[in-house]
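Enquirer: This is the structure I want to talk about, given as C-alpha cells.
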Amino acid sequence: MLEIDKKDRRLLYYLSRNSRESYKQLGKKIGVSESSVGYRIQKLKKRGIIINFTPKLNYSLLGHIPFIMLFRFNEDIYDKKEIIKYFKEHDYALWAESMLGQWDLMVEFSAKNYLHLIEIIKEITEHFGETLNSYEVSSSTEILKAEDLIQDIYQELKLERPPAIKWTEGEVQLTEKDKQILKILTKDASLSYMEIARKLKLTFDTVRYRIKNLEKKGIIAGYSTSINLSKLGYTEYLFKIKLSNISKEKYRRLRNVIRENNNIVYASYDININSFLFICAFKTPNEIGKISKVFRKNYSDIIEKQDYWVMKEVLFIDLFLDGILK
C-alpha cells in the first residue's frame with residue numbers, strides 16, 4: 001500500500017471532479033504552487049495511483065447502450081494472451097478488469113442497440129468456442145452513480161461529495177473533427193486546447209469551439225481521473241443484487257442506500273433482469289462482509305440473491321469506441 005498525504009488526497013479529489021483544471025487553479029484549491037501540482041501529478045502517475053485522465057462520455061447521445069459481460073474461460077487469461085488482446089482490440093469494448101473467483105474477466109461494451117448487443121455476444125461466443133466456459137450479461141438501463149474516487153478517501157478532509165452527473169437524453173451526430181477530438185481526449189483529457197490543435201493540425205479556436213460544443217450538447221458530461229484504488233490499499237469488488245417481489249418504494253429505498261454509500265464508486269440498474277450491479281472498494285475483507293449482511297438483514301424480503309467477486313487488475317481503458325468511426 002502506498003501512503004499519500006492530505007494534499008495528494010485533495011488533489012485526487014479535485015482531479016476526479018475535473019481533470020482539465022489548470023495547475024494554477026488546482027494549486028489554489030489545495031494550497032501549493034503551480035509547479036508543485038505538476039510534480040505531485042507526475043509522482044502519482046509514476047507510482048501507478050493515477051492511471052489516466054478521461055472525459056465522461058454520454059454514449060446514449062451517440063445512440064449506444066452500455067453493458068457489462070462477465071467471462072469464465074477454460075484457459076488462464078494471462079497465459080493465453082490472445083484472450084485479452086481480442087477484447088483490447090474490440091471496436092466496442094471500453095474497459096476490462098481481471099477477476100478472482102467465479103469469473104476471470106469483466107468487460108464493459110457499448111452497443112448501438114439491443115440487436116447489436118446480441119450480435120456482439122454471438123461474435124464473442126463463436127470466436128472463443130470451447131475456450132469460453134460461461135458468461136453473464138448485464139445492461140445498464142439506469143446509471144445510479146459514476147465516480148472514480150470513493151468518498152472514504154477524502155471524507156476526513158470535509159470535502160463535499162461531487163454533484164451527480166446529469167445525463168442528457170436524445171441523439172447527436174458527430175462530425176469527423178469531433179470524433180478526432182474525442183479520440184485524443186479519451187487518451188488524455190488533461191491536454192490543452194493548443195496541444196490538441198497541434199496533434200490534429202487544427203486552429204486553437206476550432207478545437208476550443210468544438211470541445212465547448214460537445215460539452216454544451218452533453219456528449220462530454222465532465223472530466224475525471226481513473227485512479228488505481230488498489231495502490232491506496234483498497235480491494236475492489238463487483239457486487240450484484242438480484243431482486244424479486246419489489247415495489248417502487250422498496251426499489252427507491254435500496255437504490256438510495258447504494259447511491260449514498262461512501263465506498264461505492266459505480267452503480268447501475270438493469271431493468272431486464274431486475275438487478276443492481278455496483279463496484280465498491282474496501283480496505284479489509286470484513287467490510288465487504290458487513291455490507292453484504294446489511295443488505296441481507298434489511299432487504300431480505302426483496303433480494304432474491306446477492307454475489308460479489310474480487311476485481312484484480314485493470315487490463316485496459318479505452319473510452320473511445322472505434323466502432324463510432326465506422
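Read-outs: derived from the displayed coordinates by stated rules, not from any lab. Note that this is a predicted model, so its numbers are computed, not measured. A quick note on method: Cβ atoms are made from the backbone with ideal geometry, for glycine too, and the neighbour counts reach across all protein chains shown.
Enquirer: Distances over 17 Å make up what percent of all Cα-Cα pairs in segment 50-110?
Expert: 48
Enquirer: At 0.36 nm per residue, and after removing the present C-alpha to C-alpha distance, how many nm does the segment from Arg161 to Tyr78 gain when stretched out fully?
Expert: 26.1 nm
Enquirer: State the Kirkwood hydrodynamic radius of segment 175-251 in Å, one decimal place, computed from all pairs of distinct Cα atoms.
Expert: So the Kirkwood estimate lands at 15.8 Å.
Enquirer: Can you give me the Kirkwood hydrodynamic radius for segment 137-219, using every pair of distinct Cα atoms, in Å to one decimal?
Expert: Answer for segment 137-219: a Kirkwood hydrodynamic radius of 15.5 Å.
Enquirer: Can you give me the pair-distance distribution of segment 103-145, C-alpha pairs, 10 Å bins, whole percents?
Expert: P(r) over segment 103-145, rounded to whole percents: 22, 54, 21, 3.
Enquirer: Still on this structure, I have one more. Once you have the Cα-Cα distance between Tyr86 and Glu123, take 0.36 nm times their residue separation minus that, and quote the gain in nm to one decimal.
Expert: Answer, rounded to one decimal: 12.2 nm.
Enquirer: How much length is gained if the chain between Ile143 and Ser244 is pulled fully straight, taking 0.36 nm per residue apart and subtracting their Cα-Cα distance, in nm to one decimal?
Expert: Between Ile143 and Ser244, full extension yields 34.4 nm more.
Enquirer: Rg to Rh for segment 37-82: what is it, with Cα atoms only and Rh by Kirkwood?
Expert: Working: Rg = 17.6 Å, Rh = 14.9 Å.
Rg/Rh: 1.18.
Enquirer: What whole-number distance in Å separates the alpha-carbon centres of segment 187-238 and segment 87-132?
Expert: Between the Cα centre of segment 187-238 and that of segment 87-132, the gap is 25 Å.
Enquirer: If you average 1/r over every pair of different alpha-carbon atoms in segment 10-63 and take one over that average, what Kirkwood value in Å do you get?
Expert: The Cα-based Kirkwood calculation yields 12.1 Å.
Enquirer: Further, regarding this structure: How large are Rg and Dmax for segment 1-116 when calculated on the C-alpha trace, in angstrom?
Expert: Considering segment 1-116 through its Cα atoms, Rg and Dmax are 18.7, 53 Å.
Enquirer: Principal axis lengths of the chain from Cα atoms, whole Å, largest first?
Expert: Here the Cα extents, ordered largest to smallest, are 54, 47, 44 Å.
Enquirer: Relative contact order of the chain, please, whole-number percent, based on alpha carbon pairs below 8 angstrom and at least 6 residues apart.
Expert: Rounded, it is 29 percent for the chain.
Enquirer: In a GNM of the chain with a 10 Å cut-off on Cα contacts, which of Leu202, Leu243, Leu62 has the highest mean-square fluctuation?
Expert: Per the Cα network of the chain with a 10 Å cutoff, Leu202 tops the list.
Enquirer: Ok, one more. Give me the one-decimal nm value for the distance between modelled label points at Leu200 and Lys46, 7 Å along each residue's Cα-to-Cβ direction.
Expert: Roughly 3.3 nm, to one decimal.
Enquirer: Hey, another quick one. According to a simple spin-label model (label point 7 Å from Cα along Cα-to-Cβ), what is the distance in nm between Tyr251 and Asp307?
Expert: Spacing of the two 7 Å Cα→Cβ label points: 2.3 nm.
Enquirer: At 222 nm, what helix-only mean residue ellipticity would the chain give, in deg cm²/dmol to the nearest 500, using -39500 (n - 2.57) for each DSSP H run of four or more? Provide the component values of the computation, followed by the final result.
Expert: Details: 11 runs with 121 residues, N = 326.
That calculation yields -11000 deg cm²/dmol at 222 nm.
Enquirer: Which of Lys56/Lys85; Lys217/Lys242; Lys45/Lys201; Lys145/Lys231; Lys80/Lys240; Lys81/Lys145 have a Cα-Cα distance over 30 Å?
Expert: Checking Cα-Cα distances, Lys217/Lys242; Lys81/Lys145 exceed 30 Å.
Enquirer: Which of these, Gly27, Gly129, Gly233, has the largest mean-square fluctuation under a Gaussian network model of the chain (Cα springs below 10 Å)?
Expert: Most flexible of the set in this elastic network: Gly129.
Enquirer: Compute log10 of I(q)/I(0) for segment 213-326 with the Debye formula, placing one identical point scatterer on every Cα and leaving out solvent, at q = 0.18 Å⁻¹, to two decimals.
Expert: Log10 I(q)/I(0), no solvent term: -1.03.
Enquirer: So what is log10(I(q)/I(0)) for segment 55-173 at q = 0.10 1/Å, when the Debye sum runs over its Cα atoms only?
Expert: Each listed q corresponds, in turn, to -0.40.
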